[in-house]
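J.: The structure follows.
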Amino acid sequence: MRLGFLGPAGTFSEEAVRAATADGDAAAELVPFASIHETVMAVQTGAIDRALVPIENSLEGGVSATLDALALEAREVEIVGETVLSIRNCLIARSDLALDAIEVVVSHPQPLGQCARFLRSAVPHATVRATTSTADAVREVAATDAPWAALGPRTAAALYGCRVLREGVDDEPDNATRFVWLARAGTPPVAPGSDPAAPWKTSVLFAGAGDRSPGWLVRCLSEFAFRGVNLTRIESRPRKGRLGHYLFHVDMEGRAEDAAVSDAIAALGRHCEEVRRLGSYPAA
């Protein structure tokens, strides 16, 4: 089993995939990729069997790279599971460094947003710069003599020979990221378990030309409300065409084959040009 994640070694994504496979898949090969988009598309092409990618953070919201890849390019990929990882960002430097001496702070855009208040108060004069991953940020800091720092996990600091200047610099202590397992369409869900009463989620994407008419979104969402289907998340993303038109991602409680869930999804077709099930899987 080849399992993909956002690399290189030392990212929160690697922490998540190792934690999620701790009780099984011991012989799995972990395959790092340079971007979330590459990770998702490797599932589409069959280069890997599954991937674990971030989709939502409690502070910064949806991960657009994952949402857009699933919606627009990886049409043969489905969500087959999910897991949640507690996030604890650290301020990391090559060696001991006074905070007022730091000139640049580098990290993935998500941690930069998750720690924005800390950065404004602790290193107000530092230039903030985005890179492809937290581990890449720590590697970059480890390779320079300049007074730079990175935001990332403690494991990355240890892996690349750096020092943790401050631990737990997240703006909120309950920072957490939801990751989803991806696989080719038709792949059984991850660890479905034996309890038929265990909670499940179903994820759906929908869009329609009527999205500029009054009440269109209300009518779409009413299909779930009328049938007692509880939505746990809704998010819009641009359709990558004309300004003002959106794709809507929704997660709901229940299995896709549950009568209320399946009827609600089918009823969306009366209002939408596109309705696509992104997956039905055990809830974390």
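The values are calculated or read from the model by the stated rules, or taken from the named source; none is laboratory data. Just so it is clear, the model here is predicted, and its values are computed rather than measured. Here the Cβ is made from the backbone with ideal geometry for all residues, glycine too, and neighbour counts use every protein chain on show. Note: accessible area is taken over every heavy atom of the protein model, side chains too, but ligands, DNA and RNA are not part of it. Shrake-Rupley method; radii C 1.70, N 1.55, O 1.52, S 1.80 Å.
J.: Looking at (1) touching a residue at least 12 places away in the same chain (Cβ under 8 Å); (2) on the phi > 0 side of the Ramachandran plot, which is the one condition that is false for G215?
T.: (1)
J.: Could you list, in sequence order, the residues of the range 212-227 that are more than 15 Å from I265 (Cα to Cα) and either open to solvent by less than 70 Å² (accessible area, probe 1.4 Å) or touching a strand residue (DSSP E or B) at 6+ places or on another chain (Cβ under 6 Å) (or both)?
T.: Hits for the range 212-227 are S213, G215, W216.
J.: Within the range 12-55, track down each residue that is open to solvent by less than 10 Å² (accessible area, probe 1.4 Å) and more than 13 Å from the chain's Cα centre (by Cα).
T.: Residues satisfying the conditions are A42, V43, I48.
J.: Name the single residue that is farthest from the chain's Cα centre (by Cα) among those in the range 91-127 being open to solvent by less than 40 Å² (accessible area, probe 1.4 Å) and farther than 19 Å from C162 by Cβ.
T.: Checked the range 91-127; the qualifying residue farthest from the chain's Cα centre (by Cα) is A116.
J.: A follow-up question, please. Could you list, in sequence order, the residues of the range 38-87 that are of a type in the set (A, V, I, L, M, F, W, C) and without any contact (Cβ under 8 Å) to a residue 40 or more places away in the chain?
T.: M41, A42, A65, A69
J.: Of all residues in the range 252-271, count the ones that are open to solvent by less than 70 Å² (accessible area, probe 1.4 Å), assigned to a loop (DSSP other than H, G, I, E, B) and either more than 21 Å from W216 (Cα to Cα) or modelled with pLDDT of 95 or more (or both).
T.: Of the residues in that region, 4 qualify.
J.: Could you check the range 127-166 and list, in sequence order, the residues that are in a strand (DSSP E or B) and either free of Cβ contacts under 8 Å to residues at least 12 places away in the same chain or of a type outside the set (S, T, Y) (or both)?
T.: Answer for the range 127-166, where residues must be in a strand (DSSP E or B) and either free of Cβ contacts under 8 Å to residues at least 12 places away in the same chain or of a type outside the set (S, T, Y) (or both): V128, R129, A130, W148, A149, A150, L151, G152, R163, V164, L165, R166.
J.: Which residues, taken from the range 133-155, are of a type in the set (V, I, T) and crowded, with 17+ Cβ neighbours inside 10 Å?
T.: T134, V138, V141, T155, listed by residue number.
J.: Restricting to the range 228-248, name every residue that is in a strand (DSSP E or B) and open to solvent by 40 Å² or more (accessible area, probe 1.4 Å).
T.: L231, T232, I234, E235, S236, R237, P238, Y246
J.: Tell me which strands (runs of 3 or more DSSP E) are completely within the range 74-126 and hold 2 or more residues being more than 21 Å from T144 (Cα to Cα), or say none if there are none.
T.: In the range 74-126, 77-86 are the strands (runs of 3 or more DSSP E) which contain 2 or more residues that are more than 21 Å from T144 (Cα to Cα).
J.: Can you confirm whether A69 is part of a helix (DSSP H, G or I), closer than 26 Å to Y246 by Cα, among the small types (G, A, S) and open to solvent by 40 Å² or more (accessible area, probe 1.4 Å)?
T.: no
J.: Please find, within the range 177-199, the residue that is surrounded by the most Cβ atoms within 10 Å (Cβ to Cβ) out of those that are in contact with a helix residue (DSSP H, G or I) (Cβ under 9 Å, 6 or more places away or on another chain) and modelled with pLDDT of 95 or more.
T.: L182
J.: Follow-up question, since we're still on this one. Sort through A93, A42, A20 and tell me the only one that's modelled with pLDDT under 95 and not charged (D, E, K, R).
T.: Sole residue among the options that is modelled with pLDDT under 95 and not charged (D, E, K, R): A20.
J.: Let me ask another. Please enumerate the residues belonging to the range 140-176 that are among the basic types (K, R) and either closer than 21 Å to A101 by Cβ or touching a helix residue (DSSP H, G or I) at 6+ places or on another chain (Cβ under 6 Å) (or both).
T.: Within the range 140-176, R163, R166 qualify.
J.: List the number of the failed condition for V169; all other conditions in (1) on the phi < 0 side of the Ramachandran plot; (2) at pLDDT below 95; (3) over 16 Å from the mean Cα position of the chain (by Cα); (4) not basic (K, R) hold.
T.: Checking V169 against (1) on the phi < 0 side of the Ramachandran plot; (2) at pLDDT below 95; (3) over 16 Å from the mean Cα position of the chain (by Cα); (4) not basic (K, R), the one that fails is (2).
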